[in-house]
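Heads up: the structure comes next, in structure tokens.
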Amino acid sequence: MDALIRTEKLAKIYTNEDISTVALEHITFSIQEGEFVAIVGPSGSGKSTLMQILGCLDRPTGGKYFFEGKEINNYTDDEFAQIRNEKIGFVFQAFNLLPRLTVLENVALPLMYKGVAPKERIKTAKEMIDLVGLSDRTDYQTSRLSGGQKQRVAIARALVNNPKIIFADEPTGNLDSKSGGVVLGFLQELNDRGHTIVIVTHESYVAEASGRIVHIIDGKIDKDEKVIHRRVVAQEGFRK
Ligand SMILES: Nc1ncnc2c1ncn2[C@@H]1O[C@H](COP(=O)(O)OP(=O)(O)OP(=O)(O)O)[C@@H](O)[C@H]1O
Ligand SMILES: [Mg+2]
């Protein structure tokens, strides 16, 4: 079976005016469906750049990217958007929520982009909000939520499309350890349900809860290791 994600000598050079920065070099690896991968490495090593390319938000400047076995380098922006809308959920740094919209509106947004009818959008979004335990905040503007609550909204929004793969860049970075644990518990639970998870983290307790740790240094893969004894996080708060 084809890997869900495969790269061949992926490279990214940012060029601004006369300065160029090599952010990624020779990234050759693959991710199988159902894996839970943690990407770790020092600040500036290229982790977010890699996530953006894998998430079809940006394009590499060299190498090849295969998604579900198809080389997608030459896809148009619309084709990229279609992959994102149908297959990918994002939980990014600083949450990327729209502060003036309510929890419900934020969570329903990806369904609007996908062209789902309003009634169906509201129903599905409410189910996701319930899943992350925020039913009592459905009509709150997201600017009025705590950090942990915002992060849970971001997770609900990432899941509302039932995406095959979830990319999370430092999803526990702005949280206290208890809220971080809850978010991590969600991600583990989702992985147990068959979603592929790729997460960037600085924290070893987060990486140890994954199934595989990919270390990036200076834009290259330095080490790629399996986690033998995955740390299982308590599932408090995840409603069935
Ligand atoms: N838009 C950009 N233009 C120019 N250089 C960039 C741009 N984005 C990132 N870089 C550079 O590319 C390198 C990798 O950045 P990236 O954001 O991928 O690092 P990171 O590993 O996610 O770091 P952190 O842990 O601090 O989030 C850095 O040297 C950064 O300065
Ligand atoms: Mg980053």
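Miscellaneous remarks
- Between R193 and E8, the simple spin-label model (points 7 angstrom out along Cα→Cβ) gives 3.6 nm.
- Note, ³J(HN,Hα) from phi for segment 174-179, Karplus 6.51, -1.76, 1.60, rounded to Hz, x at Gly and Pro: 9, 10, 6, 5, 5, 5
- Relative intensity of the chain on a log10 scale, I(q)/I(0) at q = 0.12, 0.13, 0.15, 0.17 Å⁻¹, equals -0.67, -0.79, -1.05, -1.31, per a Debye sum over C-alpha point scatterers of equal strength in the absence of solvent.
- Once the C-beta distance of N96 and H202 is scaled by a Förster radius of 22 Å, the resulting FRET efficiency is 0.70 to the nearest 0.05.
- Between the listed residues F67, I129, V227, the Cα displaced farthest toward the positive end of the dipole of the chain, a dipole computed from Cβ unit charges relative to the Cα centre, is found at I129.
- Cα-based helix-to-principal-axis angle, 77-87 vs the chain, degrees rounded to 10: 50
- Note on the chain: with a GNM built from Cα contacts shorter than 10 Å, the maximum mean-square fluctuation among S204, S48, S20 falls on S20.
- Ordered by the number of other Cβ atoms lying within 10 Å of each residue's own Cβ, fewest first, Y140, Y65 fall into the sequence Y140, Y65.
- Here segment 5-226 is treated with +1 on each Lys and Arg Cβ and -1 on each Asp and Glu Cβ, and its dipole about the Cα centre works out to around 540 debye.
- Fraction of beta bridges assigned by DSSP in the chain that are antiparallel (%, nearest 5): 60
- The chain - mean residue ellipticity at 222 nm from DSSP helices (-39,500 (n - 2.57) per run, n ≥ 4, rounded to 500): -9500 deg cm²/dmol
- Integer Hz, Karplus 6.51/-1.76/1.60 couplings in order for segment 138-143, x for Gly and Pro: 3, 9, 6, 5, 5, 5
- Top positive-direction residue, dipole computed over segment 5-226 with Cβ charges, set Q32, N106, N191: N106
- Entries in K114/K220; K70/K119; K9/K226; K70/K114; K47/K126; K12/K223 that, when Cα-Cα distance is taken, lie over 24 Å: K114/K220; K70/K119; K47/K126
- Per-residue Cβ neighbour rank within 10 angstrom, fewest leading, F90, F167: F90, F167
- Ascending count of other beta-carbon atoms within 10 Å, so fewest first, for S45, S135: S135, S45
- Taking 15 Å as the cut-off, the amide N atoms of segment 83-127 that come nearer than this to a point 7 Å along the Cα-to-beta-carbon line of R144 belong to 99-106.
- Three-way shape call for segment 1-82 based on the alpha-carbon gyration tensor, with the a/c threshold at 1.5: oblate
- With contacts taken as Cα pairs under 8 Å at a separation of at least 6 residues, the chain carries a relative contact order of 26 percent.
- Placing R0 at 25 angstrom, the Cβ-Cβ distance between D78 and E17 gives a FRET efficiency of 0.25 after rounding to 0.05.
- Taking the Cα centre of segment 6-94 as origin and assigning +1 to Lys and Arg Cβ atoms and -1 to Asp and Glu Cβ atoms, the resulting dipole is close to 220 debye.
- Estimated inter-spin distance, S135 and N174, nm [label 7 Å along Cα→Cβ]: 2.7
Each value in this text was obtained by applying a stated rule to the coordinates, not by laboratory testing. Since this is a predicted model, take the numbers as computed values, not measurements. Every residue, glycine among them, receives a Cβ derived from its backbone with ideal geometry; neighbour counts consider all protein chains shown.
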